[in-house]
Amino acid sequence: DLIAQAKSGTGKTCVFSVIALEAVVVANKNPQVLMLAPTREIALQIRDVVRDIGAFLAEGATTLQCHCFIGGIPMSDDLAILGPSGKGCHIAVGTPGRIKALIGSRDLSVRALRMVILDEADKLLDPAFAKEGLEIVQALPARKQVLAVSATFPEEPRKLLLPVMRDP
């Protein structure tokens, strides 16, 4: 597990996107990486970076599928992607509320998840999000890798992370 801190504008999103893409097996259409962001805008930016970097990642006819799951978008759009007739999703990016709802309804399968990335972890572990964010991480398979990335890491958010991480 990893806790990474770097100033804004230094390429954190690019770095964790490459790490995530290295972990994906494109032949497996199940979600393998979950990326949480505190806002819709950040989630959409992450999705775009992952898609740009992973544009040429393919195995046979199967190409990388990275989708954004955020509030303000009809749940039916998410279910069309995640359902049995959907495209599948290798990397799921989203905000805590929508991701928690999709996991709770079992529409977002977590059985193949190998990695969870908390972008702007200091904000995700702010009192407004901390309970949801930690519940999501705890609901994921025990064998997952956890990456927490942020420009700042005050002591309190770091303390909240330690119980859900292995030797970060």
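The values are calculated or read from the model by the stated rules, or taken from the named source; none is laboratory data. It should be emphasised that the depicted structure is a prediction, and the values quoted were computed from it without experimental measurement. Virtual Cβ from ideal backbone geometry, glycine too; neighbours counted across all protein chains shown. Note: areas computed on protein heavy atoms with side chains; ligands, DNA, RNA excluded. Shrake-Rupley method; radii C 1.70, N 1.55, O 1.52, S 1.80 Å.
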Can you put Asp107, Asp1 in order of accessible area, largest first, using a 1.4 Å probe?
Asp107, Asp1
With unit charges on the beta carbon (Lys/Arg positive, Asp/Glu negative), name the residue among Gln65, Ile136, Leu113 whose Cα is farthest towards the positive pole of the charge dipole of the chain.
Leu113
In a GNM of the chain with a 10 Å cut-off on Cα contacts, which of Ile70, Ile91, Ile53 has the highest mean-square fluctuation?
Ile53
For the chain: accessible area per residue (Å², 1.4 Å)
49 Å²
The relative contact order of the chain, taking Cα pairs under 8 Å that sit 6 or more residues apart, comes to a percentage of 31 percent
With x for Gly and Pro, the residue-by-residue ³J(HN,Hα) of the range 30-39, computed from phi through the Karplus equation 6.51 cos²θ - 1.76 cosθ + 1.60 at θ = phi - 60° and given in whole Hz, is 7, x, 10, 10, 10, 10, 9, 10, x, 9
Give me the percent of the accessible area of the chain that comes from carbon and sulfur atoms, probe 1.4 Å, all protein chains in place.
55 percent
Out of all DSSP beta bridges in the range 1-100, what portion is antiparallel? Express it as a percent rounded to 5.
20 percent
Using a cut-off of 30 Å between alpha-carbon atoms, which lysines can reach Lys87, once sequence neighbours fewer than 8 places away in the same chain are excluded?
Lys12, Lys29, Lys100, Lys144
